[in-house]
1. Return the residues of region 187-211 that are among the charged types (D, E, K, R) and either open to solvent by 70 Å² or more (accessible area, probe 1.4 Å) or without any contact (Cβ under 8 Å) to a residue 40 or more places away in the chain (or both); say none if nothing qualifies.
2. Need pairs with beta-carbon distance below 6 Å; first residue closer than 17 Å to Leu25 by Cα and within region 40-56, second at pLDDT 90 or above and open to solvent by less than 70 Å² (accessible area, probe 1.4 Å); sequence gap 6+ or separate chains.
3. Where in region 77-186 are there helices (runs of 4 or more DSSP H), lying fully within it, with 3 or more residues that are under 21 Å from Phe20 (Cβ atoms), in contact (Cβ under 8 Å) with a residue 40 or more places away in the chain and open to solvent by 30 Å² or more (accessible area, probe 1.4 Å)?
4. May I ask you to list the residues in region 174-217 that are closer than 13 Å to Thr128 by Cβ and touching a Leu at 6+ places or on another chain (Cβ under 6 Å)?
5. Residues of region 1-55 being surrounded by fewer than 19 Cβ atoms within 10 Å (Cβ to Cβ) and touching an Asp or Glu at 6+ places or on another chain (Cβ under 8 Å), which ones?
6. Among the listed residues Leu43, Leu62, which satisfies the condition of being within 19 Å of the chain's Cα centre (by Cα) and not charged (D, E, K, R)?
7. Of all residues in region 38-76, which are of a type in the set (Gly, Ala, Ser), assigned to a helix (DSSP H, G or I) and farther than 17 Å from Phe20 by Cα?
Amino acid sequence: ATIVNVIREGRGIYDNIKKFIYYLLSCSLSEVIVGFVPILFGLPLPLTAIQILWMNLVTNGLPALALGVQPIEDDVMARKPRNPKEEILTIGLLKNMLFVGVLISIGTLYIFVSELSNPAKAGTMTFTTIVMFQLFHSFNTQSKKSLLNTGLNNKWLVAAFLFSIALQLAVIYIPFLQPVFNTVALEAGDLLKIFAISFLIVVFVEVRKFMSRRRAA
């Protein structure tokens, strides 16, 4: 019984390490694309250095740590033993990272380009959009299973998600923080647009998971 429990715990820890790495790298990839593509087209930089640092603190901090304590999945002991020579960054994981990174980048750059007539607002909306994309993506990373099946089973991740949103809203609406982070106050309609577009990452990943299950069946 002790050996079985140790194996179960070990598999759970290994799973969480992969989730942690997948989340961080897919988010970082989206930041690289969002920062690089506008340069190719002669557009202004969508994000400032301090915004990128803040983003990494908000999205790669608490949510990533919360994924490290994700509850062990029920079917972990039903899986075949993994090949000990298998790399953590498998081809499948790299494909998923690219898929997510490109999707986040497309949605974020769409917001940026659509608001370019007002540079200050465009910067704030772009900044907030990529943060929200990454925060919503943290729920995708909980499991290979559908979010509809697993639900929000990590209370630490939910708490990190809500706290990170509160921090992001603070740098938008607290007056003395606005000049520090180059932000302006957004209207309710702007926030609704940001939330609607960034939530699409959950929808697209759910569709991808569904298609993967169909192919495996």
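1. We begin by selecting, within region 187-211, every residue among the charged types (D, E, K, R); these are 187, 190, 193, 206, 208-209.
If the condition is that a residue be among the charged types (D, E, K, R) and either open to solvent by 70 Å² or more (accessible area, probe 1.4 Å) or without any contact (Cβ under 8 Å) to a residue 40 or more places away in the chain (or both), then Glu187, Arg208 are the ones that fit.
2. Met55/Val131
3. Numbers: elements: 91-114, 119-140, 147-150, 155-173, 178-181.
Passing ranges, in order: 91-114, 155-173.
4. none
5. Gly12, Asp15, Ile52
6. Numbers: Leu43 fails: within 19 Å of the chain's Cα centre (by Cα).
Sole residue among the options that is within 19 Å of the chain's Cα centre (by Cα) and not charged (D, E, K, R): Leu62.
7. Applying the first criterion (of a type in the set (Gly, Ala, Ser)) to region 38-76 yields 42, 49, 61, 64, 66, 68.
Narrowing further to those that are assigned to a helix (DSSP H, G or I): 49, 64, 66.
Residue satisfying the conditions is Ala49 alone.
Results for (1) over 20 Å from Ile104 (Cα atoms); (2) touching a residue at least 40 places away in the same chain (Cβ under 8 Å), shown as yes or no for each residue.
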residue: Ile7; (1), (2): yes, yes
residue: Gly10; (1), (2): yes, no
residue: Asn16; (1), (2): yes, yes
residue: Cys27; (1), (2): no, yes
residue: Phe36; (1), (2): no, no
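The values are calculated or read from the model by the stated rules, or taken from the named source; none is laboratory data. What you are looking at is a predicted structure, and each value in this text was computed from that prediction instead of being measured. Reconstructed Cβ throughout: ideal geometry from the backbone, glycine too, with neighbour counts over all protein chains shown. Heavy atoms of the whole protein, side chains included, go into the accessibility calculation; ligands, DNA and RNA do not. Shrake-Rupley method; radii C 1.70, N 1.55, O 1.52, S 1.80 Å.
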